[in-house]
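Peer 1: I'd like to ask some things about the structure below.
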């Protein structure tokens, strides 16, 4: 598959942000600096990923696949945290992920991109 430069840039940006989210989410708690509002971090991370996915997707079906995959990835990351020292599963984190995704979808629609 050949990508236009902008699409390639978006896909690479998405991959870098997704890698940072996965890495940061699966580190033991004592390795991380204290975060005052981790729900905001979830909101921003998944909102950013969703916005990048919308920009990179070539059609609605492709974005639907990206979006469902992101939602599933957020849930899987939360489940995996049960096995990381000092971390645990939290439904509020999953909700913050979904709220960030929803916000990004709304902003994308408002901007008419």
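The values are calculated or read from the model by the stated rules, or taken from the named source; none is laboratory data. Everything numeric here is computed off the predicted structure, so don't read it as measured data. So basically every Cβ, Gly included, is an ideal-geometry build from the backbone, and we count neighbours across all protein chains shown.
Peer 1: For the stretch 68-88, what are the residues that are over 16 Å from residue 22 (Cβ atoms) and at pLDDT 95 or above?
Peer 2: If the condition is that a residue be over 16 Å from residue 22 (Cβ atoms) and at pLDDT 95 or above, then 68 is the only one that fits.
Peer 1: Now, a different point. Would the stretch 4-16 turn up any residue that is surrounded by 16 or more Cβ atoms within 10 Å (Cβ to Cβ), within 19 Å of residue 102 (Cα to Cα), modelled with pLDDT of 90 or more and in contact with a helix residue (DSSP H, G or I) (Cβ under 9 Å, 6 or more places away or on another chain)?
Peer 2: Yes, the stretch 4-16 contains a residue that is surrounded by 16 or more Cβ atoms within 10 Å (Cβ to Cβ), within 19 Å of residue 102 (Cα to Cα), modelled with pLDDT of 90 or more and in contact with a helix residue (DSSP H, G or I) (Cβ under 9 Å, 6 or more places away or on another chain).
Peer 1: Has the stretch 41-60 got any residue that is free of Cβ contacts under 8 Å to residues at least 24 places away in the same chain and loosely packed, with under 14 Cβ neighbours inside 10 Å?
Peer 2: Yes, the stretch 41-60 contains at least one residue that is free of Cβ contacts under 8 Å to residues at least 24 places away in the same chain and loosely packed, with under 14 Cβ neighbours inside 10 Å.
Peer 1: Quick check: anything in the stretch 101-111 closer than 30 Å to residue 30 by Cβ and surrounded by 15 or more Cβ atoms within 10 Å (Cβ to Cβ)?
Peer 2: So far as the stretch 101-111 goes, yes, one or more of its residues are closer than 30 Å to residue 30 by Cβ and surrounded by 15 or more Cβ atoms within 10 Å (Cβ to Cβ).
Peer 1: Find all pairs meeting these conditions: Cβ atoms under 7 angstrom apart; at least six residues apart or on different chains; first residue within the stretch 63-86 and within 19 Å of residue 27 (Cα to Cα); second residue crowded, with 17+ Cβ neighbours inside 10 Å and modelled with pLDDT of 95 or more.
Peer 2: Once the first residue is within 19 Å of residue 27 (Cα to Cα) and sits in the stretch 63-86, its partners that are crowded, with 17+ Cβ neighbours inside 10 Å and modelled with pLDDT of 95 or more give 74/46; 74/94; 74/97; 75/94; 78/93; 78/94.
Peer 1: Given the conditions (1) touching a residue at least 40 places away in the same chain (Cβ under 8 Å); (2) closer than 19 Å to residue 111 by Cβ; (3) over 16 Å from the mean Cα position of the chain (by Cα); (4) assigned to a helix (DSSP H, G or I), which single one is not true for residue 6?
Peer 2: (1)
Peer 1: Of the residues that sit in the stretch 76-88 and are more than 16 Å from the chain's Cα centre (by Cα) and surrounded by 14 or more Cβ atoms within 10 Å (Cβ to Cβ), which one is farthest from residue 39 (Cα to Cα)?
Peer 2: Within the stretch 76-88, the match that is farthest from residue 39 (Cα to Cα) is 84.
Peer 1: Which of the residues belonging to the stretch 21-36 are surrounded by fewer than 12 Cβ atoms within 10 Å (Cβ to Cβ) and either farther than 22 Å from residue 99 by Cβ or modelled with pLDDT of 85 or more (or both)?
Peer 2: 23, 28, 30, 31, 33, 34 - these are the residues of the stretch 21-36 that are surrounded by fewer than 12 Cβ atoms within 10 Å (Cβ to Cβ) and either farther than 22 Å from residue 99 by Cβ or modelled with pLDDT of 85 or more (or both).
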